[in-house]
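Just so you know, all these numbers are worked out from the coordinates, no wet-lab data involved. Quantities reported herein were computed from a predicted structural model and do not represent experimental measurements. Cβ placement follows ideal geometry from the backbone for every residue including glycine, while neighbour counts extend to all protein chains displayed.
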Amino acid sequence: MSILISFIVLGIVQGFMEAIPVSSSGHLLIAEHLIDLNLTAEQLEALAVITNLGSLIAITILFRKEIITLIHDFFTYFKTGNKKFQANTKYCFWIVVATIPAGITGLIVTKLGLFDFLESNVKFIGLMLLVTSLFLFIIKDFKGFKQKEDITFKDALIIGLFQVIALIPGISRSGATIVGSMFRSLDRQTAFDFSFILFIPISIATSILGIKDLLTLDLTTAMIGYYLLAMVVAGIFTYFSMKLFKKIMINGKLIYFVIYCLIVGTAVVLFLR
C-alpha cells in the first residue's frame, strides 16, 4: 500500500472512529500496526495529533451555534447579571470542572510517559476495547432525565473523572464520558452534547502541544502534504460520523457499539501480535 493511500486510510479511521464510542486512538494504533508504515514513533504521534485536529475542527463546526451561545451568555451574564443567562454560565463552569481532572492527569501522564509502554501493545488495546464493550453494555438502556440546566458540580466532576479513564490507551474518550453522563442520569441528548463539548478544550490543548512537537520534525514537502490530507479526511469523516452516532444514541441503539467492540477486541487479542 502506498504511503499516500495509507495516510488516507488512517485519516478515515481516526475521523470516523473519533465520533463513536470505540476509541479512535486505539483503532489508529491497530491500523498502523496492520499497515506498517515504517514511520518513527515521533511521526506516528504527529499523525495522531494532526488527524485529531481535523476531528476537532469538524466537531467545532457542528457545535458552532452552541459554542457561540455559551460564550455570549457567559460574558453577558457577568456584564449585566441578567439571570436569563445564568443557566448557560453554569454550564460553562461545569465544562471547566469536567475538563480539569483529565487536563491535570494528562499532563502528568505525558510528562512521566506512564502509558508509553502500552501504546505499542496492540493486545492491550484489544483488552481495553473489551472493557469499553462491557461499560457500554451496562448503560445501553439508560435513558436519564437530567438536561443541561440540571447538571450539578458533582455530575461534572464525576464525568470529568470518567474522562481521566480515557487516558488509558484503547479506552474511548467519548465512550467514557457518555458512560459517566448516563450514570449521572443525563438524558441521551444532554449526554451526547456534554461529551463532545468536553472534547473541544482537551483537544485544543492536545493539538497545541502536539503541533509544537510536529514543527520540530524534519519532514519533506510531500510528507507535509500527506499529513494535511490525513487531517482533511479525518475532519470530513468525523463530521458525518457525528451525525450518524447522534441518531444511533438518541434512538438508544448503543448495543451496536457493544457488539462491535466485543468482536474487534476479541479479534485483536486472539490474532494480532
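Just a few scattered comments:
- Nearest 10 degrees, 0 to 90: helix 41-62 Cα axis against the chain principal axis: 30
- Under 9 Å, Cβ to Cβ, from Ile255 - net charge with Lys/Arg +1 and Asp/Glu -1: +1
- By the helix-only formula, in which each DSSP H run with n ≥ 4 contributes -39500 (n - 2.57) and the sum is divided by residues, the chain has a 222 nm mean residue ellipticity of -26500 deg cm²/dmol.
- Taking other C-beta atoms within 10 Å as the exposure proxy, Ile151, Ile108, Ile158 rank Ile108, Ile158, Ile151 from fewest upward.
- The magnitude of the dipole of the stretch 166-273, with charges of +1 and -1 set on the Cβ of Lys/Arg and Asp/Glu and taken from the Cα centre, is near 360 debye.
- Spherically averaged projected area in nm², based on the convex hull that wraps the Cα atoms of the chain: 14.4
- Tilt relative to the chain, helix 64-80 - C-alpha long axis, 0 to 90 degrees, to 10: 40
- Within the shell of other residues whose beta carbon sits under 14 angstrom from the beta carbon of Ile211, the net charge comes to -2, with Lys and Arg scored +1 and Asp and Glu -1.
- Note that the stretch 261-273 has calculated 3J(HN,Hα) couplings of 5, 5, 5, 5, x, 5, 5, 5, 4, 7, 10, 9, 10 Hz, one per residue in order, obtained from phi through the Karplus relation 6.51 cos²θ - 1.76 cosθ + 1.60 (θ = phi - 60°); glycine and proline are x.
- Helix 173-183 axis versus longest C-alpha principal axis of the chain: approximately 30°, rounded to the nearest ten.
- The Cα atoms of the stretch 214-273 give a gyration tensor whose axes a ≥ b ≥ c have a/c of 1.5 or more with a/b no greater than b/c, which makes the shape oblate.
- For Lys146, distant residues with modelled amide H under 5 Å away: Leu186, Asp187
- Dipole axis of the chain (+1 Lys, Arg; -1 Asp, Glu on Cβ), positive-most option in Leu214, Ile20, Thr152: Thr152
- Measuring between their Cα centroids, the stretch 146-183 and the stretch 70-131 lie 9 Å from each other.
- Among Ser172, Leu62, Trp94 the positive-end extreme of the charge dipole of the chain (Cβ point charges): Trp94
- Dipole-positive endmost among Thr190, Leu37, Met223 within the stretch 3-271 (Cβ charges, Cα centre): Thr190
- Computed from point charges on the beta carbon alone (+1 for Lys and Arg, -1 for Asp and Glu), the dipole magnitude for the chain about its Cα centre is near 1080 Debye.
- Each of Arg188, Arg64, Arg273, Arg173 was scored by other Cβ atoms within 10 Å of its Cβ. Arranged with the fewest first, they read Arg273, Arg64, Arg188, Arg173.
- Lys pairs under 30 Å by Cα in the stretch 126-232, provided they are eight or more residues apart or on distinct chains: 4
- Length-normalised contact order for the chain - Cα pairs under 8 Å, 6+ apart - percent: 38
- Shape category assigned to the stretch 91-179 from the gyration tensor of Cα positions, a/c cut at 1.5: oblate
- Peptides 52-61, 204-213 ranked from most to least packed give 52-61, 204-213, packing being the mean of other C-beta atoms within 10 angstrom over each peptide's residues.
- Straight-line cross-link partners of Lys243 among the aspartates and glutamates, defined as a Cα under 17 Å from its Cα and at least 8 positions apart when in the same chain: Glu18, Glu66, Asp193.
- Comparing mean-square fluctuations of Gln163, Gln86, Gln14 from a GNM of the chain with C-alpha springs under 10 Å, the top value falls on Gln86.
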